[in-house]
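What follows is calculated from the coordinates using simple rules that are stated; it is not laboratory data. Keep in mind the model is a prediction, meaning the values are calculated, not measured. Using ideal geometry, Cβ is built from the backbone for each residue, glycine included, and neighbour counts are taken over all protein chains shown.
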Amino acid sequence: MDSLLDVKHIDVGYGFLQVLWEVSFTIETGEYVCLIGPNGAGKSTTLKSIMGLLSPQKGDILFKGEPIAGLSGNKVCRKGISYISEGGNLFTGMTVRENLLMGAFTVGDKKQLKETLDFVFHLFPRLKEREKQLAGTMSGGERKMLTIGRGIMATPSLLLVDEPSLGLAPLITNDVFAALDVLNKRGITLLLVEQNAVKALKVTGRGYVLEKGKIVLHEKSQDLAKNDYVKKVFLGV
Amino acid sequence: MGLIHRFKSMLYSTFANIRSAAGITITLTIIIAILGAVDKGSYIIVNTIVTGGMWALMAMGLALLFGVMNVANFAHGEFFMVGALAAYFIMTFSGQYVAAHPGTWVAGAAPFLGIFGATIAGSLFGAVCEVLVFRQLRKRSREQWVMNVFILTLGISVILANGHQLLFGTGYKGIVKYLDLPSISIFQTLISSDRIFVFLLGMVAIIVFWLFMKFSKTGRAIRAVSQDETGALMVGIDLNRIQILTLAISSALAAFSGASLLFMFPAYPTMGMAPLYNSWFVVIVVGMGNVGAAVIGGFIVALFQILTTVYFGEGWGFVVPSALIILILVVKPSGIFGSSVRGVLEQ
């Protein structure tokens, strides 16, 4: 049985600057995995490489047993991966509803689209209230909700979430994490990238620690939270 | 109750719009047009509407290309020429065919065949340009994209103008008229039936294009790419397809205008200059990359050209709009609609 996602020894860089060195990890179906690490460790780069926004110079990425390294983003999306980027990459001149419909660009089935849309509005009632508002005029928290909503409109089997807590008020951060939890319980596999290691280790099952472009630790999240090294470097204890 | 409330908010937003730069300009334009018409006759308004419609079409294509692909196209006039040439050949051949077979259906359909044939030829030509030229550059490097593409389009323009001269010579290739109908009098102004025909076709084209961009899934995808390319990739939009489509549409709009105006401007090698300048006037005045504003801008620029021609003489037709553009670039470089452009269709 193949893993859902199998990242094998990838090297990724921007031009002459290499960011990831031999990064490998696997994710099984239904898991909730986090990737923690300090600023500039290459967490976002890892997600972008999986999504096809960057292509690895070396190594392979298997999704459901199929190689996806080097495919362009739109093809990766069609395979069933959604990426909730840090900045959102929302269509700021479109309404909330139009953004959500764009998220379902690859979905042909009208009935399925309607169901997912209802689910998104159920998950984030705030989006329902703001249905006709332009995405560019919303607050940071609402934008984050819309980004997640747009991401799940494609009914992905793997959701890559990049820094969901960044720049959000604590209360809204909790809402967002609660929504991610609901998604995981509904069977969507999640890969979470966070700087807020305390929070990330609390909600996820397994964690990888990325430092200077290399995976340095891999354990169950609860064990990682007790790990002396992690405590010292990330948790500030 | 709800209706009254909606009417109130509509009224409010209208007044809010009038206070903006765009609102002021539109209001001023309408006032100037009315004053001009009172002073010199209503033909000023009629002419503005007919030529403005075509500049609007040209400028829409230009704005679309800039908004979606960041291409500042200086070969737009040559796309116009491609349309004019295609329409000329279709009209000539169908004329010969009709002469050989009197009474065929081709006689009545020839103008439509000419204009739609030219539009299709234009869209194919645009698609070829994308695949052979822009895509190749995109594969090599995206650094200094705007500058490199600007030079590329200048090159395309030179090649096409000279290619035209090489293949078809420098002579004027035109037709006398599209429709064999008498002129129509509107507000004591005699307008040829061709002008009305072309204006109506142009309006239909603008409306179809607008509906396509606003409501179709593909149109929405084009707008998505113009607003966030990475976001568009992430939701599964095939950028290659959108880029081919955008160039095809943009070039088709230019070719459509070229074909429609063939009875006014016969085809010759450097014919692209005037439409190129005019459409650039429009996009600079309203702000780059905004398709909706380009429609209004088309009429504004047409009005100013017609007024200067009437009041200062034929030779000043380009001078006053150019001065206006310098003024706009100094005072409001983003264009009068350009303060908060978020995409090709949104302001």
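Assuming R0 = 22 Å, what is the FRET efficiency of A:K185 and A:K128, from their Cβ-Cβ distance, to the nearest 0.05?
On the way: r = 21 Å, r/R0 = 0.96.
Approximately 0.55, to the nearest 0.05.
Model label points for B:I151 and A:V107, set 7 angstrom from Cα along the Cα-to-Cβ axis, are 4.7 nm apart. Derived scalar couplings between HN and Hα for the range A:219-224 equal 7, 5, 4, 5, 6, 4 Hz in order, rounded to whole Hz, by the Karplus curve 6.51 cos²θ - 1.76 cosθ + 1.60 (θ = phi - 60°), x for Gly and Pro. Largest mean-square fluctuation among B:A224, B:A323, B:A84, in a Gaussian network model of chain B whose springs join Cα atoms under 10 Å apart, belongs to B:A323. Basic side chains Lys and Arg get +1 at the Cβ, acidic Asp and Glu get -1 at the Cβ, and with that the dipole of the protein assembly as shown about its Cα centre reaches some 680 debye.
The GluC sites (Glu not before Pro) of the range A:1-64 that DSSP puts in a loop, and whose beta carbon has at most 16 other beta carbons within 10 Å, are A:E28. Computed from the C-beta positions of B:V158 and A:K226, the FRET efficiency with R₀ = 56 Å rounds to 0.20. Annotation: amide H-H contacts under 5 Å for B:I191 (H modelled 1.01 Å from N, sequence separation of 5 or more, or interchain): B:I184, B:S185, B:I186. Scalar couplings 3J(HN,Hα) for the range B:135-141, obtained by applying the Karplus form with A = 6.51, B = -1.76, C = 1.60 to θ = phi - 60°, are 4, 4, 5, 4, 5, 6, 6 Hz; x denotes Gly and Pro. Dipole size of the range B:21-340 about its Cα centre, with +1 on Lys/Arg Cβ and -1 on Asp/Glu Cβ: approximately 520 debye, rounded to the nearest 20. Could you check which residue among B:G41, B:G287, B:G114 shows the biggest mean-square fluctuation in a GNM of chain B with a 10 Å Cα cutoff? So, out of B:G41, B:G287, B:G114, the one fluctuating most is B:G41. Averaging the sequence gap over all C-alpha pairs within less than 8 Å and six or more residues apart, then dividing by the number of residues, gives the range A:94-155 a relative contact order of 59 percent.
Our summary gives chain A a relative contact order of 26 percent, counting only alpha carbon pairs under 8 angstrom and 6 or more residues apart. Rounded to whole Å, the principal axis extents of the Cα atoms in the protein assembly as shown read 90, 59, 47, largest first. Of interest is the spacing of the C-alpha centroids, which for the range A:162-234 and the range B:153-200 amounts to 65 Å.
For A:V19, the residues whose modelled amide H falls within less than 5 Å of its own, excluding neighbours fewer than 5 places apart on the same chain, are A:V12, A:G13, A:Y14. Length gained on full extension, A:A178 to A:K214, computed as 0.36 nm times the residue gap minus the Cα-Cα distance: 10.0 nm.
Using a/c under 1.5 as the rounded threshold, could you call the range B:43-125 rounded, prolate or oblate? The axes a ≥ b ≥ c are square roots of the C-alpha gyration tensor eigenvalues, and prolate needs a/b larger than b/c, oblate otherwise.
oblate
Against chain A, whose longest principal axis is taken from its Cα atoms, helix A:140-153 shows a tilt of about 90°.
The modelled label-to-label distance for the pair B:K177/B:M203, using points 7 Å beyond Cα in the direction of Cβ, is 2.1 nm. For A:T116, A:T147, the sequence from fewest to most other C-beta atoms within 10 Å is A:T116, A:T147.
Would the range B:21-340 count as rounded, prolate or oblate if I go by the C-alpha gyration tensor, calling it rounded below 1.5 in a/c and otherwise prolate when a/b exceeds b/c, oblate otherwise? Since a/c reaches 1.5 but b/c is at least a/b, the shape of the range B:21-340 is classed as oblate.
Net charge dipole, chain A: roughly 360 debye, given to the nearest 20, about the Cα centre with Cβ charges of +1 for Lys and Arg and -1 for Asp and Glu. Taking each DSSP H run with n ≥ 4 as -39500 (n - 2.57) and averaging over every residue of the protein assembly as shown yields -19000 deg cm²/dmol at 222 nm.
Taking chymotrypsin sites (Phe, Trp or Tyr not before Pro) as exposed when their DSSP state is a loop state and no more than 13 other Cβ atoms lie within 10 Å, the longest site-free interval of chain B runs over B:188-347.
Computed over chain B, relative contact order equals 34 percent, with contacts defined as Cα pairs under 8 Å that lie 6+ residues apart. Put simply, the convex hull of the Cα atoms in the range A:35-75 casts, on average, a shadow of 3.3 nm². The Cα-based radius of gyration and maximum Cα-Cα distance (Dmax) for chain A are 17.3, 51 Å.
Helices of chain B meeting both criteria, an alpha-carbon length of 24 angstrom or more along the long axis and an average Kyte-Doolittle score not below -0.5, with helices taken as full DSSP H segments, are B:2-19, B:21-40, B:43-69, B:76-100, B:106-129, B:145-168, B:193-215, B:239-260, B:291-312.
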